1. Would you call Phe207 at pLDDT 90 or above, part of a helix (DSSP H, G or I) and in contact with a strand residue (DSSP E or B) (Cβ under 7 Å, 6 or more places away or on another chain)?
2. Does the range 127-136 hold any residues that are part of a helix (DSSP H, G or I) and surrounded by fewer than 16 Cβ atoms within 10 Å (Cβ to Cβ), and which are they?
3. When you check Val147 against the structure, is it within 27 Å of Phe236 (Cβ to Cβ), free of Cβ contacts under 8 Å to residues at least 12 places away in the same chain and not small (Gly, Ala, Ser), yes or no?
4. Mind telling me which of the residues Leu232, Leu206, Leu248, Leu202 ends up being closer than 22 Å to Val122 by Cβ and among the hydrophobic types (A, V, I, L, M, F, W, C)?
5. The conditions are (1) within 25 Å of Leu250 (Cα to Cα); (2) in a helix (DSSP H, G or I), and Thr124 fails exactly one of them. Which is it?
6. Please work out which one of (1) modelled with pLDDT of 85 or more; (2) surrounded by fewer than 13 Cβ atoms within 10 Å (Cβ to Cβ) is the condition Ala268 fails and give its number.
7. Which residues, taken from the range 199-256, are aromatic (Phe, Trp, Tyr) and without any contact (Cβ under 8 Å) to a residue 40 or more places away in the chain?
8. Limited to the range 98-141, what total is found for residues that are out of contact with any Phe, Trp or Tyr (no Cβ under 7 Å at 6 or more places or on another chain), β-branched (Val, Ile, Thr) and closer than 23 Å to Arg66 by Cα?
Amino acid sequence: MAGDSHKKTFLILTVFISITAVALTVAAFSTDNWVKFTGSKSNNTGCDKNKTDGDCTTNGRFGLFRGDNEINYNLGNRDRISKVICTNGWCSYYNVRTDLGETFDTDMTEAGIKYIKNISSVYTQTKDKGVDVHDWEYGLFGFGYWVTILVMLSLGIVWGLVTISFTVFNIFGKPIETITGPLGLYLWNLLGLIFMLIGVILFAVLFQTNFAENVLPQNDYQYHTFRTKASLDYSFYFTVGSLVGFLLNLLLLMFSGYSMRCACTQEANKGIDNGIILY
């Protein structure tokens, strides 16, 4: 009895950790602080030459689906919101100016789709000519890669919920099947850990290869010559915390004394014993 109580204490702890892990990933999805950036123009072309109190600047943040930023040509801040728009196998953060009352209505979304089609076509044609260009110079990143990140993180949430359900079942019920018992608890946590790890690594790679170089659309980067410095923000680290949660659960299961052996042998032996007794 003492052993069972000890094991259940560990299971209760894993439930709370699993809830926290799922909550952190959900918070990461719903907040727009995956990447933050600041920047200024590499030259003062286009800036108000009558003002010398500072450079033309930009700063902002964005998440998995949207963000906001401001840009200043020494004429006052121009507030903008951005939205991830994808088409033709490419995605980009497309901006509209909120200081002009613009929003992402149907017309603006269609304008964003048209912009990405045009800019991705220019990028492809330029690259086909043998010019050494990169997608980040055009504010582009791959649609398939982006969807893979979203799917991996979503599956991390799914396996987290499965972990919570089966752990509660093990606390208050008597699992018979192997997959619903200790072996299942190891499996669900391991799957959550794997998918979260893949999602975190993929986004970190995308940041290093694209966003660390440039987070602005092509007209800001090339025509207006803005250069940015970007860093990962707290929404990204929420997913790292969720990843650590699944890892802690696996360690707690190991220390709790739950083994990964198959329970089917024990059930079969019980069946044999019962048969002998009846006989």
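1. Yes, satisfied.
2. Those that are part of a helix (DSSP H, G or I) and surrounded by fewer than 16 Cβ atoms within 10 Å (Cβ to Cβ): Lys127, Asp128.
3. Yes.
4. Only one candidate passes the filter, namely Leu206.
5. Checking Thr124 against (1) within 25 Å of Leu250 (Cα to Cα); (2) in a helix (DSSP H, G or I), the one that fails is (1).
6. (1) is the only condition that Ala268 fails.
7. Selection gives Tyr223, Tyr237.
8. Result for the range 98-141: 5.
The values are calculated or read from the model by the stated rules, or taken from the named source; none is laboratory data. Since this is a predicted model, take the numbers as computed values, not measurements. No Cβ is skipped: glycine too gets one built from the backbone with ideal geometry, and neighbour counts run over all protein chains shown.
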